[in-house]
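In what follows, a single structure is set out as structure tokens and then discussed.
The values are calculated or read from the model by the stated rules, or taken from the named source; none is laboratory data. All values reported here derive from a predicted model rather than from experimental measurement. Every residue, glycine among them, receives a Cβ derived from its backbone with ideal geometry; neighbour counts consider all protein chains shown. Side chains are part of the model used for accessible areas, which takes the heavy atoms of the whole protein and leaves out ligands, DNA and RNA. Shrake-Rupley method; radii C 1.70, N 1.55, O 1.52, S 1.80 Å.
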Amino acid sequence: MKLTKWIVTGLLMSSLCLSTTLVSNAETNNSIHNESIYDLYVDRYFNKIGTNDYDVNPKDPNAFAGGDFLGVMEKMTHISDMGFTTISIGPVFATESYDGKRILDFDELERHFGTTEEFNELLDKSHEKDLKIMVEFPLNNYSENHIWAKNNEKSDWILSKENGQLHLDLTNPDVQQALIDTIVKFAETYKIDGVKLSELEGAPTPFINELIEAVKEVRNPMYVIALEESEADFDLDYSEQLMLDFRDTFKNTDLPSESISSANENNLLMVDHLLTERITYHSALENMFPPTRIKMAIGTLLTLPGVPYMTYGTEIAMNGQNAKDSHQIMNFRVDEELIEYLKDMASIRTKSETMRTGKMELLENKDGYAVYKRYSDEETFIVVINNTSETKRIDISSEEIGEDKELRGLFESDTVRASDDGSYRLVLDREIVEVYQVKEDNGLNSAYIAAMAIAYLLFMLFLIIVWKKGKQRRLDEEKKVKK
């Protein structure tokens, strides 16, 4: 019976998705609102070749582990299959640390990660797959051995050297111009698609805006974001409080869910990032099953206005309270259930422009149970988030849905039609995200009937084959006995 359910669900998803506004990544407008971002560190992702493994020690959480550009390229399909369109790969410059932050020289790529040719190969391959590559540029706190620290003419650039870090004076016009020139030069040299700025503390907003404007002149699109709160003109807004609110909404059931109401189209949507505790850590503290918590969280973020941003390893419920634990080497030999869920959920967002950039109307939101409408002139979806500990029901009036409509559940394979009073009753089990597509009520669901018929025939064929093989085996055994 499980085989039959899989067949039916697969066929229904295929038929329903065909009726959405299909837009491939290559055809989308050059807007960051069409993107979804997967964040990783090159060193912690995948070690493709050993020729660049200099003093690598995967068992030491503070050492280089061996991940490289070609490793990211090797696992690119894993990322795109989950529906992500942009890969943020951290800093890539010559560095003393695996995370790329203790930069030594902006003019050299980190040799542990690979060569110039291999980095260009990563960029070319990503573009062939309609994926964008974003590189992180810290504006400060480099290695005390940075090349700028060795130049006596730049002594007035430096505020201090503490704990092995070089702290620059970001109010110094010469420092500002050097950083602008450095980032623009890199963007001109390599066909990157975006920049993630970090270490913004002490950087005046006019300087950041000048930098953003300069790098955007290199090519279009060129996205610029930061995971730090700022008044600068970044393409998206980062809110520490919104991230914490999302995390606290989904670490358990029946919790306040105002975070869902707070999201807007200009937000970066996330439950953690590389410098925070993992959502897995917080759900484990609540004695909850982390994969289910991740399904609820990421499933919701993929249906909200804004741009989803997911940390590598979330798809395998990677745990961690600090960098030592949360920057683990990515393990690709894991159970596929959570990954398959993310693929299915992301496919709706990928194929529907409405789900990415359409309007949102909140119908209900209280303690983990939220219902909202995502709509445009072309199509309408009803999203139901039941992040509670019990089955929930809502009756939606025809004023919200329309006359002579039906709601087709894309995951639970449920079709809902108007009751006698004209309302649409949606019932959803606990800890489930469901997306209903609003369609014209054409009576019998021909797609569902066809799917059921095909599933039934396949199931019967399976039984016949098993029966015939069993019969043949018995005949063969009888022949052996007679001999």
Hits in region 344-379 (condition: basic (Lys, Arg) and either in a strand (DSSP E or B) or surrounded by fewer than 23 Cβ atoms within 10 Å (Cβ to Cβ) (or both)): 349, 351, 359, 366, 373, 374
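Within the bounds of region 155-175, is there any residue that is within 30 Å of residue 85 (Cβ to Cβ) and either among the aliphatic types (A, V, I, L, M) or in contact (Cβ under 8 Å) with a residue 24 or more places away in the chain (or both)?
Just the residues of region 155-175 that are within 30 Å of residue 85 (Cβ to Cβ), to begin with: none.
Looking through region 155-175, none of the residues is within 30 Å of residue 85 (Cβ to Cβ) and either among the aliphatic types (A, V, I, L, M) or in contact (Cβ under 8 Å) with a residue 24 or more places away in the chain (or both).
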Within region 45-74, count every residue that is part of a loop (DSSP other than H, G, I, E, B), under 25 Å from the mean Cα position of the chain (by Cα) and more than 17 Å from residue 274 (Cβ to Cβ). 4
Looking only at region 276-286, count every residue that is outside any loop (DSSP other than H, G, I, E, B) and closer than 21 Å to residue 228 by Cα and tell me the total. 1
Residues that are part of a strand (DSSP E or B) and in contact (Cβ under 8 Å) with a residue 60 or more places away in the chain, drawn from region 75-103: 86, 88
Mind telling me which of the residues 254, 245, 235 ends up being of a type in the set (Asp, Glu), open to solvent by 10 Å² or more (accessible area, probe 1.4 Å) and under 26 Å from residue 69 (Cβ atoms)? 235
Only one of (1) surrounded by 19 or more Cβ atoms within 10 Å (Cβ to Cβ); (2) in a loop (DSSP other than H, G, I, E, B) fails for residue 382. Which number is that? (2)
Extreme residue, nearest to residue 354 (Cα to Cα), among residues of region 397-440 that are more than 31 Å from the chain's Cα centre (by Cα) and surrounded by 15 or more Cβ atoms within 10 Å (Cβ to Cβ): 405
Matching residues, region 85-98, being closer than 16 Å to residue 45 by Cα and either open to solvent by 10 Å² or more (accessible area, probe 1.4 Å) or in contact with a Gly (Cβ under 8 Å, 6 or more places away or on another chain) (or both): 86, 88, 90, 91, 92, 97, 98
Report yes if residue 243 is in a loop (DSSP other than H, G, I, E, B), among the aliphatic types (A, V, I, L, M) and out of contact with any helix residue (DSSP H, G or I) (no Cβ under 8 Å at 6 or more places or on another chain), otherwise no. no
Over region 414-425, the set of residues farther than 17 Å from residue 392 by Cα and outside any strand (DSSP E or B) is 418, 419, 420, 421, 422
Of the residues in region 320-343, those that are more than 17 Å from residue 59 (Cβ to Cβ) and surrounded by fewer than 18 Cβ atoms within 10 Å (Cβ to Cβ) come to 321, 322, 332, 333, 334, 335, 336, 337, 339, 340, 343
Quick check on this structure: which one of 326, 376, 283, 347 is of a type outside the set (D, E, K, R) and at pLDDT below 95? 347
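Given the structure, is residue 311 out of contact with any Gly (no Cβ under 8 Å at 6 or more places or on another chain) and open to solvent by less than 10 Å² (accessible area, probe 1.4 Å)? If you could, list the steps in order and put the result at the bottom.
Details: out of contact with any Gly (no Cβ under 8 Å at 6 or more places or on another chain): yes; open to solvent by less than 10 Å² (accessible area, probe 1.4 Å): yes.
Yes, satisfied.
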Quick test of your reading of the structure: residue 388 fulfils all but one of (1) part of a strand (DSSP E or B); (2) touching a residue at least 60 places away in the same chain (Cβ under 8 Å); (3) open to solvent by less than 30 Å² (accessible area, probe 1.4 Å). Name the failing condition by number. (1)
State all residues of region 143-177 that are closer than 20 Å to residue 96 by Cβ and not in a strand (DSSP E or B); if no residue qualifies, say none. 144, 145, 146, 147, 148, 149, 150, 151, 154, 157, 163, 164
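So that you can scan it fast, the table gives a plain yes or no per residue for (1) in contact with a strand residue (DSSP E or B) (Cβ under 9 Å, 6 or more places away or on another chain); (2) closer than 27 Å to residue 46 by Cα; (3) part of a loop (DSSP other than H, G, I, E, B); (4) modelled with pLDDT under 95:
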| residue | (1), (2), (3), (4) |
| --- | --- |
| 256 | yes, no, yes, no |
| 271 | yes, yes, yes, no |
| 274 | yes, yes, yes, no |
| 288 | no, no, yes, no |
| 296 | yes, no, no, no |
| 303 | yes, no, yes, no |
| 308 | yes, yes, no, no |
| 321 | no, yes, yes, no |
Which of the numbered conditions does residue 179 fail, given that it passes all the others? Conditions: (1) open to solvent by less than 10 Å² (accessible area, probe 1.4 Å); (2) within 29 Å of residue 31 (Cα to Cα); (3) without any contact (Cβ under 8 Å) to a residue 40 or more places away in the chain. (3)
Selection over region 391-413 where residues are hydroxyl-bearing (Ser, Thr, Tyr) and either more than 23 Å from residue 261 (Cβ to Cβ) or assigned to a strand (DSSP E or B) (or both) yields a count of 2
Please pick out the residue among 225, 260, 212, 294 that is closer than 30 Å to residue 174 by Cα, surrounded by 19 or more Cβ atoms within 10 Å (Cβ to Cβ), among the β-branched types (Val, Ile, Thr) and under 19 Å from the mean Cα position of the chain (by Cα). 225
Checking residue 122 against (1) part of a loop (DSSP other than H, G, I, E, B); (2) free of Cβ contacts under 8 Å to residues at least 60 places away in the same chain, which single condition isn't satisfied? (1)
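Could you say which residue among 258, 265 is closer than 16 Å to residue 239 by Cβ and in contact with a His (Cβ under 7 Å, 6 or more places away or on another chain)?
Numbers: 258 fails: in contact with a His (Cβ under 7 Å, 6 or more places away or on another chain).
Matching residue, one of 258, 265: 265.
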